[in-house]
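Undergrad: Provided herewith is a single structure, encoded as structure tokens, for subsequent inquiry.
The values are calculated or read from the model by the stated rules, or taken from the named source; none is laboratory data. All values reported here derive from a predicted model rather than from experimental measurement. When we count neighbours, we look across all protein chains shown, and the Cβ atoms used for this are built from the backbone with ideal geometry, even at glycine. Accessible surface is based on the protein model in full, side chains and every heavy atom, while ligands, DNA and RNA are left aside. Shrake-Rupley method; radii C 1.70, N 1.55, O 1.52, S 1.80 Å.
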Amino acid sequence: MKKYFSLALLFLIFLAGIFYISQTQLKPTQKNLVEVETIAVGQGNPGLIAFFTKESNGSFIRKTIDTGFRYVWTVRITDGRGDGKNRIYAGVGNSFFSEPHGCQVLEFDSTDNFKKTVIDDVGDLRCKDLTAGSIYNNGKNQLVLGTHGLGIIRVYDYKDGKWEVVEASRNYLAAYDRENNQNHAVPADKLPYELTVQTAVHTVKIGDADNDGKNEILSTESDPLENPNKDHLLFIRMYKWNGKSFDVSTIDTLKEAIPFKATARTVDLDGSGKNKVLVSASHHQVLLYVYSDGKWNRQVIDKAEGGNEDNMKGLSVGSLDGKNKSIVVATGLPHAGVYQYDLQNGQFNKKYLVDISKLLDKYRLFEGVGDNTLDSAIADVNGDGANEIVVAGEQDSAFSGDKSGVSKFGWEGTTIGYTGVITPQKDGTYKTEFIDFRSALGLDVGKISY
């Protein structure tokens, strides 16, 4: 009886949430614009961008815009045009699941009634990650995209009222396979329509990785998640603009028996003014790379053999104590946890902060599901002058009892997920507040005006 009451209660909550969402669609009625620190979440089924802002009563208000697609894999609040104004950028598409196939890069201007602009109709399977920074090192921001399928990396530069596009890379695994007599492409007869799925660009970031005073693109690229083989590869790569084209080098290559889910970023952890490359990758690996004497040196911060946390994409860096920088890794697939790493006396101390899967258990309709944290951020979203950890993820369809067969093609099939805010407490513990239970594929935190 208790079980059926819980199911009925959860269903009523879901209906109430649908009603609330329908009443908070962002509409073109802005007059007096206010700049607000905002959590932006890319969601799936349907492909919404959800905005969460903290109100004076302590609750988070959710507002949305509908992209017209099924999935929003990445969302960024950033100055993509290089004019000093934040806009919202998103990578959207329908994955394997419906037409039209192919992904797009969109821009939304919150100060102009959330006017939508299509920056690029890319045509690849997933527009997986976006970032912004001065990759041309001219003092002006550009946008950078990484995709799944053909593994495209493109740079978008807004000049003279239009977007100029430079392609930095396309399907690196195809070249690697030719040179090494291998094949990491998903067989054509295993795909639901005609396309190439061979290279997955998981993340693209911009920073001065090798401390030469110039920014580079830092990427994590692997064979596709749908690859049925066991010889999975991850390439940590760097793209350096030479004024005419990109010089490309590989920092490191990792090998595992499971598909890779990985993130890399540049960071100055110790305040020395020298950047390092920080990587989190399957199976539960946290690695640090330092460029010295013309070569990359690898330091293992953490490596757990086996285990049940195969997704390591939720990597963020920031201060949780108001003083020092911490590394935070939010994991998933099938178990989701949150870890903190602090550098003390030359060593990294590891602390387990939150068991997200355990906290979510009380909301379950089914047993044996998988939780998959796909992104994290460290920012002051409560407006109290101290940083919190924001996590976003989805209930993985590969573990959710899906019998349709579609989960073998895409992990986005679920409608259920979570967005949570984790707040450090004075006693050293952490309080987690879930502010949404829809599928969340990517997140960002920043200031937008609306």
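Undergrad: Yes or no: VAL204 among the β-branched types (Val, Ile, Thr), within 28 Å of GLN142 (Cβ to Cβ) and surrounded by 22 or more Cβ atoms within 10 Å (Cβ to Cβ)? Spell out how you get there, then give the answer.
TA: Values: among the β-branched types (Val, Ile, Thr): yes; within 28 Å of GLN142 (Cβ to Cβ): yes; surrounded by 22 or more Cβ atoms within 10 Å (Cβ to Cβ): yes.
Taking the combined requirement at face value, the residue satisfies it.
Undergrad: Also: For a quick check of your reading of the model, give me the residue pairs whose first member lies in the stretch 328-340 and is within 13 Å of ALA392 (Cα to Cα) and hydroxyl-bearing (Ser, Thr, Tyr), whose second is open to solvent by 10 Å² or more (accessible area, probe 1.4 Å) and part of a strand (DSSP E or B), with beta-carbon atoms closer than 9 Å and at least 6 apart or on different chains.
TA: As it stands, the answer is THR331/GLU309; THR331/ASP310; THR331/LYS313; THR331/TYR339, since those pairs meet every condition given.
Undergrad: Looking at SER56, SER98 in this structure, which one is open to solvent by less than 60 Å² (accessible area, probe 1.4 Å) and assigned to a loop (DSSP other than H, G, I, E, B)?
TA: On the way: SER56 fails: open to solvent by less than 60 Å² (accessible area, probe 1.4 Å).
Among SER56, SER98, only SER98 is open to solvent by less than 60 Å² (accessible area, probe 1.4 Å) and assigned to a loop (DSSP other than H, G, I, E, B).
Undergrad: When residues of the stretch 330-365 are filtered for being over 16 Å from ALA264 (Cα atoms) and assigned to a strand (DSSP E or B), how many remain? Working first, answer last.
TA: So in the stretch 330-365, the residues over 16 Å from ALA264 (Cα atoms) come out as 332-340, 342-365.
Filter once more, keeping what is assigned to a strand (DSSP E or B): 332-334, 337-340, 342-344, 347-355.
Qualifying residue count for the region: 19.
Undergrad: Condition check: β-branched (Val, Ile, Thr), under 16 Å from GLY243 (Cα atoms) and modelled with pLDDT of 95 or more. Does ILE153 satisfy that? So that I can check it myself, show each step before the final result.
TA: Numbers: β-branched (Val, Ile, Thr): yes; under 16 Å from GLY243 (Cα atoms): no; modelled with pLDDT of 95 or more: yes.
So ILE153 does not fit the description; no.
Undergrad: For the stretch 228-242, indicate whether the set of residues that are part of a loop (DSSP other than H, G, I, E, B), open to solvent by 10 Å² or more (accessible area, probe 1.4 Å) and at pLDDT 90 or above is non-empty. I'd like the intermediate steps shown before the answer.
TA: Taking the stretch 228-242 first, the residues part of a loop (DSSP other than H, G, I, E, B) are 228-231, 242.
Still in the running and open to solvent by 10 Å² or more (accessible area, probe 1.4 Å): 228-231, 242.
From what's left, at pLDDT 90 or above: 242.
For the stretch 228-242, residues part of a loop (DSSP other than H, G, I, E, B), open to solvent by 10 Å² or more (accessible area, probe 1.4 Å) and at pLDDT 90 or above: present.
Table: residues versus (1) part of a helix (DSSP H, G or I); (2) at pLDDT 90 or above; (3) touching a Gly at 6+ places or on another chain (Cβ under 7 Å); (4) surrounded by 15 or more Cβ atoms within 10 Å (Cβ to Cβ).
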residue: VAL328; (1), (2), (3), (4): no, yes, no, yes
residue: VAL391; (1), (2), (3), (4): no, yes, yes, yes
residue: TRP411; (1), (2), (3), (4): no, no, no, yes
residue: VAL421; (1), (2), (3), (4): no, yes, no, yes
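Undergrad: Using the structure shown, decide if THR147 is more than 29 Å from TYR450 (Cα to Cα) and either in contact (Cβ under 8 Å) with a residue 40 or more places away in the chain or not aliphatic (A, V, I, L, M) (or both). Full working, then the answer.
TA: Values: more than 29 Å from TYR450 (Cα to Cα): yes; either in contact (Cβ under 8 Å) with a residue 40 or more places away in the chain or not aliphatic (A, V, I, L, M) (or both): yes.
When the stated conditions are applied, THR147 passes them.
Undergrad: A follow-up question, please. Mind counting the residues in the stretch 103-123 that are part of a loop (DSSP other than H, G, I, E, B) and open to solvent by less than 10 Å² (accessible area, probe 1.4 Å)? Give the steps one after another, and end with the answer.
TA: Here is the first cut: in the stretch 103-123, the residues part of a loop (DSSP other than H, G, I, E, B) are 103, 110-114, 122-123.
Still in the running and open to solvent by less than 10 Å² (accessible area, probe 1.4 Å): 103, 110.
The number of residues fulfilling the criteria is 2.
Undergrad: Would you mind telling me which numbered condition in (1) closer than 14 Å to LEU315 by Cα; (2) open to solvent by 30 Å² or more (accessible area, probe 1.4 Å); (3) not aliphatic (A, V, I, L, M) GLN285 fails?
TA: (2)
Undergrad: Given ASN308, ASN345, which one is in contact with a Pro (Cβ under 7 Å, 6 or more places away or on another chain) and either modelled with pLDDT under 90 or open to solvent by 30 Å² or more (accessible area, probe 1.4 Å) (or both)? It would help to see each step written out before you state the result.
TA: Working: ASN345 fails: in contact with a Pro (Cβ under 7 Å, 6 or more places away or on another chain).
After applying the criteria, what remains is ASN308.
Undergrad: Tally the residues that are more than 14 Å from GLY146 (Cα to Cα) and assigned to a strand (DSSP E or B), restricting the search to the stretch 73-95. Break it down stepwise before answering.
TA: So the first thing to find is which residues in the stretch 73-95 are more than 14 Å from GLY146 (Cα to Cα), and the list is 77-88, 94-95.
Now drop any that are not assigned to a strand (DSSP E or B), which leaves 77-78, 87-88.
Number of matching residues: 4.
Undergrad: Residues being at pLDDT 80 or above and either over 17 Å from the mean Cα position of the chain (by Cα) or not β-branched (Val, Ile, Thr) (or both): count how many of those fall in the stretch 15-55. Lay out the reasoning, then the answer.
TA: To start, the set of residues in the stretch 15-55 that are at pLDDT 80 or above comprises 34-55.
Add one more test, that the residue is either over 17 Å from the mean Cα position of the chain (by Cα) or not β-branched (Val, Ile, Thr) (or both), and what stays is 34-37, 40, 42-48, 50-55.
Here the count works out to 18.
Undergrad: Still on this structure, I have one more. Restricting to the stretch 83-95, name every residue that is touching a residue at least 60 places away in the same chain (Cβ under 8 Å) and surrounded by fewer than 20 Cβ atoms within 10 Å (Cβ to Cβ).
TA: Hit for the stretch 83-95 is ASP83, nothing else.
Undergrad: Could you list, in sequence order, the residues of the stretch 59-76 that are surrounded by fewer than 24 Cβ atoms within 10 Å (Cβ to Cβ), among the hydrophobic types (A, V, I, L, M, F, W, C) and closer than 22 Å to ARG126 by Cβ?
TA: ILE65, PHE69
Undergrad: Say whether the condition of being modelled with pLDDT of 90 or more, crowded, with 21+ Cβ neighbours inside 10 Å and not aliphatic (A, V, I, L, M) is met by at least one residue in the stretch 250-264.
TA: Scanning the stretch 250-264 turns up at least one residue that is modelled with pLDDT of 90 or more, crowded, with 21+ Cβ neighbours inside 10 Å and not aliphatic (A, V, I, L, M).
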